[in-house]
Structures are given as structure tokens and as C-alpha cells.
Amino acid sequence: MSDQPARLSPGDTAPDFTLPTDTGEEVSLSGLRGRKVIVYFYPAAMTPGCTTQACDFTDSLDSLQGAGYEVIGISPDKPAKLAKFRERDSLTITLAADEDRSVMTAYGAFGEKKLYGKTVQGVIRSTIVVDEDGKVAVAQYNVKATGHVAKLRRDLGLDSAA
């Protein structure tokens, strides 16, 4: 697969970005220095898997923030669609729009993937955890929408009993 984007690995410097959010504001990675940031990439707002994942992150947000993590969900949707997504599902995480997919590409979260047996160009469901200094702490690609947040919490040592 020659079109496979370069993936990030732990220790890499996370590419900085500034993206519009569903609230009309902007979010930038550099603006969150000093906090740990979970950046997750998903294909489309309001689809079943992406909804499950966004709701799981929202349900977990208080405890994640309590452990020092911010959560940013990034998709190629327009901010207006993200606003509908937030409203429909009462989401509390930050939703950012990467309409030209440049951030996804920089993070290795856009490229060739298999969809129903065909190779297509698309968003690779991925989660990157960035530490307080802007370095990649965890890089997970081709994650499952369902159960991912619970697994990520275990990977980060945040037991759900906490």
C-alpha cells in the first residue's frame, strides 16, 4: 500500500493544528500544552459507530478530565453538522472540523483502508494521546468504535472503577 500515510509512534512530536469547532471557536493543540490530550479521528458525525464512540467519550469525559485529559474528536464534517451531532447526542467533548483532511493526513489517520472488502481512501479510525509536552504517548490505528474508550482507559491505567 504505497498510499499509506506515515503513522505516528510514541515519542514523536504531535503535529500542531488549529481547527474550527462546532461552537464557532477554534481549538489548537499548542493551546492545550500542559494538559494531556486525546485526539481521536472518526469518519462521519451521526453514523452509528461514530455516535457510539462520541457518546462513550462524553460519558467518560469527567473522569478523563479529572485525570488531566482533554478530548478532541476530529472528522471531515462541517462545523454545522458537528453542532447538530452535539445537540442530538448531548455531547460534551470538543468536536473539530478537518474539512480538507490535512490534520488527519498529518496524523496518519487518512489514507487507504478496507471497506466492505474494497480498498478506498478514507478516514482511518484512530486515537492519538498527546502528553503535556506535545509528544505522542499512545498511537492506536484502526480502532473499533465500540468498546474503544473502555480499552483506552485500561491502556492509560485509568481503571473504570476509579
Length released on extending from residue 62 to residue 121, taking residue separation times 0.36 nm less the Cα-Cα span: 17.8 nm
Radius of gyration, Dmax [the chain; alpha carbons; angstrom]: 14.7, 43
Positive-end residue, the stretch 17-79 charge dipole about Cα centroid, Cβ charges, pick of 50, 28, 75: 28
Gap separating the Cα centres of the stretch 27-50 and the stretch 92-161, nearest whole Å: 8
Distance (nanometres) between label positions extended 7 Å along Cα→Cβ at residue 13 and residue 78: 3.6
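Of 36/135; 36/151; 78/151; 114/135, which ones are farther than 19 Å apart at the Cα? The partial results should precede the final answer.
On the way: 36/135 10 Å; 36/151 17 Å; 78/151 29 Å; 114/135 29 Å.
Correct reply: 78/151; 114/135.
Local charge sum around residue 64 (other residues, Cβ-Cβ under 12 Å, Lys/Arg +1, Asp/Glu -1)?
Values: positive: 35, 36, 153; negative: 56, 59, 62, 70.
Around residue 64, the charge tally is -1.
Going highest first, how would you order 114-122, 54-62, 101-109, 135-143 by mean Cβ packing within 10 Å?
Details: 114-122: 9.7, 54-62: 18.3, 101-109: 20.7, 135-143: 16.7.
Descending mean neighbour count gives 101-109, 54-62, 135-143, 114-122.
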Electrostatic dipole magnitude of the chain [Cβ: Lys, Arg +1; Asp, Glu -1; Cα centre; debye, to 20]: 560
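Every read-out reported here was derived from the displayed coordinates using simple, explicitly stated rules and does not represent laboratory data. As the structure is a computational prediction, the values presented were derived from the model and not from experiment. Neighbour counts run over all protein chains shown; Cβ positions are idealised from the backbone, glycine included.
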